[in-house]
Structures are given as structure tokens and as C-alpha cells.
Amino acid sequence: MCSRRAVALLALWLAGGCTQPAGPERPISGKQLYEQYCARCHGEAGIPTKDAPTASSLADAAFVERLSDEGIKGVIRAGRGQMPGFGDRFTDATLQVLVAHVRSLPGQAAEAPPPAP
């Protein structure tokens, strides 16, 4: 009887258990997240693209410095203007890595080539 119970518990655990493989956490790249979700409008270096000219310039150091980390996270979650909100798509840890990358953009913009006309 114990073995049936153990097998049943194991089957339940396997059916509804963790979908991620066990092991060390996978690294999160703020740059990769930004390129996937943000660069299409904000540009790779934080300079708005021609397709989204009204997007906030994340290359503007004064603008980015005025924003709190929680403020940036809030905009990512809820959206603003034409920017869609991403809701709960990102964990807090993932959002923090993305915020850190956004904060690095003003320094990168000076090194980036100008956007194509």
C-alpha cells in the first residue's frame, strides 16, 4: 500500500511539478531583454526609432536619472502613452536587471552610430 501511495505521489509531482530543469539559475541579460522588448521603439542605444518618434529617449541622462527604479518598473508593467504594459510578464529580479540596463543607456548612446534615415 505504501508503494502505491508513493507511486501516486510521484506521478502527481511529475504531472504538475516544476517545468524548469533543476540546477543553477540561468543568467538574465538586461541587454537581451531590452533588445527583445524595448529596442523596437526606444532604439538599441535608447534613442527613439523612426517608427516610434514619441517614445521616451532613454539616452537622455537627465531624464533617466529623474526616474526611480520603481517608477521605471511601473511604466514597464502598466505602459504609458502608446507603450504597451507588460503586466506580470517579468519577475522582480528580471525587472531589476532590465532597469539596470536602461540606466546604462545614456553612456552607450554617445558610442552608438546615428540611426539610419
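No lab work stands behind these numbers, since they all come straight from the coordinates. Predicted, not measured: the structure shown is a model, and the values here were computed from it. Here the Cβ is made from the backbone with ideal geometry for all residues, glycine too, and neighbour counts use every protein chain on show.
A straight chain from D88 to F63 at 0.36 nm per residue would run longer than the Cα-Cα distance by 6.5 nm. In this structure, the amide hydrogen of M83, modeled 1.01 Å from its nitrogen in the peptide plane, lies closer than 5 angstrom to no residue at least 5 positions away or on a different chain.
Sorting check: for 47-56, 97-106, 61-70, which peptide has the highest mean count of neighbouring beta carbons within 10 Å, and how do the rest follow?
Numbers: 47-56: 13.9, 97-106: 19.2, 61-70: 12.2.
Going from most to least packed, we get 97-106, 47-56, 61-70.
Full extension of the chain between Q96 and Q32 yields a length gain of 21.7 nm, computed as 0.36 nm times the residue separation minus the alpha carbon distance.
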